[in-house]
Amino acid sequence: MNILENGGEFSQNLAIREKKGFCVVLVGGQTRRKESDNVEDFRDLIAGASVAWVDYVVNDFDSEVFQISRALGFSDSLTRNLLSSSPKSNYEDFDTEMGMILPAIFLRGFDVKLLSLLILIHENLIVTLHTTEVTRFLRARRYATTFLRKIPQNILLQDKITLLLIRIVDENNSRNFDHLREIEEHGDKLSEELANPKTPREIMGQKIYQMKHALIVYLRGLWMTVDTLNSLRYGDAELLTDDPKILDNINALIGEVNLQIGLAEHMSEVLASGLEVLQSIYNNQLQVLNNRLALLVGYLTIIGTALLVPNTIATVAGNTMFQFTPADQGWYLTVIIGSTVFATILSWWIVKKKGLLPRTYE
């Protein structure tokens with residue numbers, strides 16, 4: 001199977017490296033890294049490490065994660081419990097192993113998808129499993145050795161694992177937050193199209209729905225993240241630290257997500273208020289059109305009424321009982337023209353008197 005058929009940017013990078021798996025470990029203050037398509041190649045490297053991180057890309061999330069997690073020493077029951085949650089956001093603690101699923105937000109235009117990021121923890125190992133669309137760990141892979149070297153060697157294993165986990169979650173959150181800016185940019189383009197009176201309304205209605213739906217899905221992903229992080233913070237897992245200073249970093253992550261939720265909700269309010277303004281503009285435009293039509297109807301009423309009088313005179317005068325000669329042409333035309341002028345003035349006065357014409361035209 002061609003990897004390029006299954007993803008976007010990550011697939012292209014994988015095609016260049018021809019490696020889907022990445023492992024970085026910390027051994028006696030020194031870091032080592034390895035890339036391979038076979039996770040079995042990482043087992044020896046992990047065994048002698050004080051802390052290790054494995055990142056692996058799968059093509060079929062629901063089926064391949066069992067094979068990968070099993071090869072790295074995790075039980076099927078842990079993976080099964082995590083994947084059985086709906087929506088895909090969960091936290092499980094089995095004392096000797098634990099795991100969680102965080103939403104990885106994927107955006108293309110107004111199409112927002114909540115993909116799954118599976119994080120498994122066992123003793124000295126953290127494993128992240130995701131599909132090819134989740135490209136957020138490309139940069140983390142490049143700088144993983146630098147981060148591991150900064151972890152103090154004289155702290156407990158639980159502290160090291162927790163610090164590494166916080167760094168991974170923070171990277172996922174940061175990339176999720178970037179999508180709010182993309183939604184805002186798409187919203188700005190949408191506002192520009194809405195401001196154009198020539199834009200078809202049936203098209204804009206669909207785009208407005210897509211914009212609002214994108215924000216709703218994005219907010220859902222952030223709320224799912226908050227729920228999982230709260231479970232992580234107050235779950236008192238045996239594999240994680242009890243150091244309150246380190247745990248405060250998880251609180252900071254939750255605070256950042258709550259801040260993004262506030263920004264997204266504010267953006268939703270701005271969008272709603274902007275749509276109300278645009279709707280008012282369109283209503284004003286329709287009112288102007290209605291006023292012009294009413295004015296046209298008023299003029300047509302005046303013209304029709306004015307023409308009715310001379311038309312009636314001409315009809316009566318055309319009867320055979322009236323014998324006209326060319327000598328009667330002068331007074332006949334005078335009567336027709338005079339009656340037309342008189343009927344026009346009278347019709348205009350009646351229409352204005354009765355208020356049949358609109359008072360405001362613009």
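The values are calculated or read from the model by the stated rules, or taken from the named source; none is laboratory data. The structure displayed is predicted, hence computed values, not measured ones. Ideal geometry is used to build each Cβ from the backbone, glycine not excepted, and the neighbour counts take in all protein chains shown.
Only one of the listed residues (K245, K198) is at pLDDT 85 or above, loosely packed, with under 15 Cβ neighbours inside 10 Å and either farther than 30 Å from L118 by Cβ or charged (D, E, K, R) (or both). That residue is K245.
When F147 is tested against (1) buried (at least 21 other Cβ atoms within 10 Å of the Cβ); (2) assigned to a helix (DSSP H, G or I); (3) of a type in the set (F, W, Y), exactly one condition is not met: (1).
Among the residues that make up segment 26-33, is at least one of them touching a Phe, Trp or Tyr at 6+ places or on another chain (Cβ under 8 Å) and surrounded by fewer than 21 Cβ atoms within 10 Å (Cβ to Cβ)? Yes, some residue in segment 26-33 is touching a Phe, Trp or Tyr at 6+ places or on another chain (Cβ under 8 Å) and surrounded by fewer than 21 Cβ atoms within 10 Å (Cβ to Cβ). One residue stands out among those in segment 34-43 that are in a helix (DSSP H, G or I) and in contact with a strand residue (DSSP E or B) (Cβ under 9 Å, 6 or more places away or on another chain): the one that is surrounded by the fewest Cβ atoms within 10 Å (Cβ to Cβ), which is D41.
Flag set for Y91, criterion: in a strand (DSSP E or B) and either more than 24 Å from R142 (Cα to Cα) or out of contact with any helix residue (DSSP H, G or I) (no Cβ under 7 Å at 6 or more places or on another chain) (or both).
Take the residues in segment 341-362 that are of a type in the set (S, T, N, Q) and at pLDDT 70 or above; name whichever of them is surrounded by the fewest Cβ atoms within 10 Å (Cβ to Cβ). Only one residue fits best here, namely T344. Being over 14 Å from the mean Cα position of the chain (by Cα) and either at pLDDT below 85 or closer than 17 Å to H266 by Cα (or both) is the filter here, so list the residues in segment 207-229 that pass it. Hit for segment 207-229 is W223, nothing else. Just the residues that are surrounded by 15 or more Cβ atoms within 10 Å (Cβ to Cβ), over 34 Å from the mean Cα position of the chain (by Cα) and part of a helix (DSSP H, G or I), please, taken from segment 44-69. L45, I46 - these are the residues of segment 44-69 that are surrounded by 15 or more Cβ atoms within 10 Å (Cβ to Cβ), over 34 Å from the mean Cα position of the chain (by Cα) and part of a helix (DSSP H, G or I). Taken together, the residues in segment 230-246 that are over 31 Å from the mean Cα position of the chain (by Cα) and part of a helix (DSSP H, G or I) amount to 3.
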